[in-house]
1. Taking B:D173, is it open to solvent by less than 10 Å² (accessible area, probe 1.4 Å) and either outside the structural domain of B:Y289 (by TED's automatic domain parsing) or of a type in the set (D, E) (or both)?
2. Taking A:L277 as meeting all but one of (1) closer than 29 Å to A:D141 by Cα; (2) within 14 Å of chain B (Cβ to nearest Cβ), write down the number of the exception.
3. Go through (1) open to solvent by 10 Å² or more (accessible area, probe 1.4 Å); (2) in contact (Cβ under 8 Å) with a residue 40 or more places away in the chain; (3) in a loop (DSSP other than H, G, I, E, B) and name the single condition B:L76 misses.
4. With the requirement that a residue be surrounded by fewer than 20 Cβ atoms within 10 Å (Cβ to Cβ), without any contact (Cβ under 8 Å) to a residue 40 or more places away in the chain and assigned to a helix (DSSP H, G or I), what does the stretch B:184-204 give you?
5. Could you tell me which residue of the stretch A:1-31 is farthest from the other protein chains (Cβ to nearest Cβ), considering only residues that are acidic (D, E) and surrounded by fewer than 15 Cβ atoms within 10 Å (Cβ to Cβ)?
6. Test B:A336 against the stated conditions and say whether it is modelled with pLDDT of 95 or more and farther than 22 Å from A:H294 by Cα.
7. Select the helices (runs of 4 or more DSSP H) contained entirely in the stretch B:245-337, then report the ones holding at least 3 residues which are over 19 Å from B:L167 (Cβ atoms) and in contact with a strand residue (DSSP E or B) (Cβ under 6 Å, 6 or more places away or on another chain).
8. Among the residues of the stretch A:319-339 satisfying the criterion of being at the interface with another protein chain (Cβ under 7 Å from one of its Cβ atoms) and of a type in the set (A, V, I, L, M), which is most open to solvent (accessible area, probe 1.4 Å)?
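The values are calculated or read from the model by the stated rules, or taken from the named source; none is laboratory data. These numbers were taken from a predicted model, which means no experiment stands behind them. Here Cβ is always computed from backbone atoms with ideal geometry, including for glycine, and neighbour counts include all displayed protein chains. SASA here: full protein model, heavy atoms, side chains in, ligands and nucleic acids out. Shrake-Rupley method; radii C 1.70, N 1.55, O 1.52, S 1.80 Å.
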Protein chains: 2
Amino acid sequence: MAVEDRVRELAGEVRPLDENAVARARERHLTLTKPPGSLGRLEEIGARLAGMAGVVPPPVPWSPAVVVCAGDHGVLARGVSPWPREVTAAMVGNFCAGGAAVNAIARSVGARISVLDVGVATELERHPLLRAAKKRAGTDDLSRGPAMGREDAARAVMSGAGIAGELIESGVDLLVTGDMGIANTTPAAALISAFTGRPPEQTTGRGTGIDDETFELKVRVVEEALRLHEPDTTDPLGTLAALGGLEHAAIAGIILTGAVYEVPVVLDGVVSNSSALVARTLAPESVGYTIAGHLSVEPGATAALEYLGLEPVLDLRMRLGEGTGGLLAVPVVQAAARVLGEMATMEEAGIG
Amino acid sequence: MAVEDRVRELAGEVRPLDENAVARARERHLTLTKPPGSLGRLEEIGARLAGMAGVVPPPVPWSPAVVVCAGDHGVLARGVSPWPREVTAAMVGNFCAGGAAVNAIARSVGARISVLDVGVATELERHPLLRAAKKRAGTDDLSRGPAMGREDAARAVMSGAGIAGELIESGVDLLVTGDMGIANTTPAAALISAFTGRPPEQTTGRGTGIDDETFELKVRVVEEALRLHEPDTTDPLGTLAALGGLEHAAIAGIILTGAVYEVPVVLDGVVSNSSALVARTLAPESVGYTIAGHLSVEPGATAALEYLGLEPVLDLRMRLGEGTGGLLAVPVVQAAARVLGEMATMEEAGIG
């Protein structure tokens, strides 16, 4: 089967949330030993988890894993980031050595970590945490031509799907999406503008920290890319190939696979948010299986999450990527499942 | 020594944060493998933890405990809550049986739980989780006279201090404050209005869920109490005795004790926030050792936290109390310490 067809097949397997289980979870919340609604968003998250699993109470996701998808970006040549391309590979080395923020936070919340090389421009040494799935040595400059071919994009989606499927088969019950790639907020902004229709000045941010001049250039680059490609967003793989990145594609595959397995996918920041737009276009019901872990400082995150109808769990003014913000939301998600499963009812406690 | 003097002695032992350690933590953050500032509020929280412990990196608080302070309230006779007084005792039973939200969330984040009966109107059965420290069978109606005597208030502060000290001596390195007491958001609103100067309509909320008529009554009751007592807020024990509750007093003692031991105290919602105002008046530097775990839906929480200069970690539209919102912030606090201690520097990773 052609790889594009495999993506479509995967997307076709996503089923809607079990709305009956959502409703039963809400009803159960009304019987528990607390004033109705007093756990606020924890109640909504619990009901969503019930809808994913199709059972009340939902299983508690005790085996979370973060997948950090890494790639490089031809658009870096336009000067959209102050960091050199080599930092992507150096940070992958840092992930493997356990020294990055994502490692510390994954250990802190009890999550496994995997790194997916889906398009780092540098040759990388083998490492047990690193999955080699390089499609190409990074993308081309999206402001001058397509970032990659359709087939590259589809293959990168399937690489994300592959590692997500293996993790779930090995017992992982919650996925956190992470990204690493110098300049990768530029394709994220382009994708978010394409899918939401918002102008680049509302979707482009300062990434790792750029000055006013670089920011204006970055907005201009995104505008040029959108004018050049005139993306047809009813063709998500075409849009991804024109404007995206290999890690953006892989994360879309992780989201689709989580949805197919009915496992919650906690999104990190703006790159993951842009991937969720791709996944949504491939499979509208995939949104039901995603939880927006946090609100990135990047304005594109706000634009994408509003479009997706997702309210972020955390807002800690973070903008690091790697999966860090998504991981911090995992204990809240676990607690949301746990209260539904473990709290006594009013009747059991002899109250009311 | 008179009990009031013991409270003053405790407050006098609170020392300011180690600003040198705060500064060194911020400097360390600039050397770590991430763009400067990209971990947002996690960096601030880490620097605060360093300031509390006086060491960089700060110790990771791996042994958190929540103390749920329980008491009853004479003002319930005014009809400010739809729940009968007996629910306080029934919920204490639920905490001891492990069936409340605070139990499920404490287990989920790995925190110990203790319950302090500092003034429940019902006689309670002994239980290993329950500390009997009843000062009186609840308060009197604060809208008709003082809620309690000054000495009762001081003794309740010292009960909170006592259990906090014992927990810390037994290895607890982070305290979460929790409360249970039908009608206890009324004294919380009165205390917050007294200390912040905000009018009762800005500090009074709907508690466990009350209708418009009850809400208007509740605001009026708080207004009457403030008019009756004309509290002198330079006298925190007098203000606490006139307007507060026994659990509000105990939580103030927990905050002071955490501060004396230089252990972080994560505040839950509006009742804990009102107690933090009492603690601040007794010992202004105590605020440095508190972390606002979440923003309660109660408007008084916003008023108190603004006055204290604390930004909440979470905003999940919760309004349950018990310590539930504070507990959910614990993994974020742990992660904040962990990134400072475990991340590689740019130099170590050979970047930049």
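1. no
2. Evaluating A:L277 over (1) closer than 29 Å to A:D141 by Cα; (2) within 14 Å of chain B (Cβ to nearest Cβ) leaves (2) as the failure.
3. (3)
4. Result: B:E201, single match.
5. The qualifying residue farthest from the other protein chains (Cβ to nearest Cβ) is A:D5.
6. no
7. none
8. A:L320
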